[in-house]
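The values are calculated or read from the model by the stated rules, or taken from the named source; none is laboratory data. These numbers were taken from a predicted model, which means no experiment stands behind them. Note that we place each Cβ from the backbone using ideal geometry, even for glycine, and neighbour counts take in every protein chain shown.
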Amino acid sequence: MTIEEQIEQTLDKIRPFIRRDGGDVKFLRFDNGVVYVSMIGACQGCSLIDTTLTQGIEVILMEEVPGVLGVRLENDPSLY
């Protein structure tokens, strides 16, 4: 299984919690240990987005996927 597949699999575990609040997370790419994601739906512009990224998504990905060193938000204009 590739690291990208591991990231997607782990994000699939997290998504139900994010979707409960009307949002979602989209995996964009993995580059030099950093996972780039876009937050969509209700997550877009939410005041808790930094907490969701650093204390939620980033912690879980770093624990479950070897090689992940961090998570960064990247806006993907094609999603809007």
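Can you tell me which of (1) in a helix (DSSP H, G or I); (2) modelled with pLDDT of 95 or more; (3) of a type in the set (A, V, I, L, M) is the one residue 53 doesn't meet?
(2)
Looking at 65, 35 in this structure, which one is in contact (Cβ under 8 Å) with a residue 60 or more places away in the chain and out of contact with any Pro (no Cβ under 9 Å at 6 or more places or on another chain)?
That would be 65, the only listed residue that is in contact (Cβ under 8 Å) with a residue 60 or more places away in the chain and out of contact with any Pro (no Cβ under 9 Å at 6 or more places or on another chain).
Within the range 1-26, work out how many residues are part of a strand (DSSP E or B), surrounded by fewer than 18 Cβ atoms within 10 Å (Cβ to Cβ) and of a type in the set (A, V, I, L, M, F, W, C).
Going through the range 1-26 one residue at a time, the tally reaches 0.
Which pairs turn up if I take residues in the range 1-30 that are within 18 Å of residue 50 (Cβ to Cβ) and touching a residue at least 24 places away in the same chain (Cβ under 8 Å) and look for partners that are part of a helix (DSSP H, G or I) and charged (D, E, K, R) with beta carbon separation below 9 Å, at least 6 apart in sequence or on another chain?
Partner pairs satisfying both residue conditions: 25/15.
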